[in-house]
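Quick notes on the structure that follows.
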Amino acid sequence: MRKLIGSVVIISWMTAYIAIAAIIGDRVALEHWAVQAVFFPIAGLAWIIPLRPLVRWMVKNDTPPETPDI
């Protein structure tokens, strides 16, 4: 169930992020090349940071760790 929920959240997040980055990128495309050189790599990689906790939650193991018998 986690993977289903996580997949829906990821697709929703990426759709919104791409739309916003495209709108901002359209405006940045008219700016100086140095502004573009900063914006586009950051916008291309920034979507990963908010998704890291979600992906960790999706792949988390639900079974408790086994303790050794002493």
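Structure above, values below:
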item: Helical segments meeting 27 Å axial Cα length and Kyte-Doolittle 1.0 threshold in the chain (DSSP H); result: 2-28
item: Calculated Kirkwood radius over Cα pairs in Å (choose from [x] 14.8; [y] 11.9; [z] 12.2), label; result: [x]
item: Cα-centre dipole for the stretch 13-70 with unit charges at Cβ (Lys and Arg positive, Asp and Glu negative), debye to 20; result: 200 debye
item: The chain, helix-only ellipticity at 222 nm - DSSP H runs n ≥ 4, -39,500 (n - 2.57), divided by all residues, nearest 500; result: -25000 deg cm²/dmol
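Bear in mind that the values in this text are calculations on the coordinates, not laboratory data. For clarity, every value in this text was computed on a predicted model and none was experimentally measured. All Cβ positions, glycine included, derive from the backbone under ideal geometry; neighbour counts span all protein chains shown.
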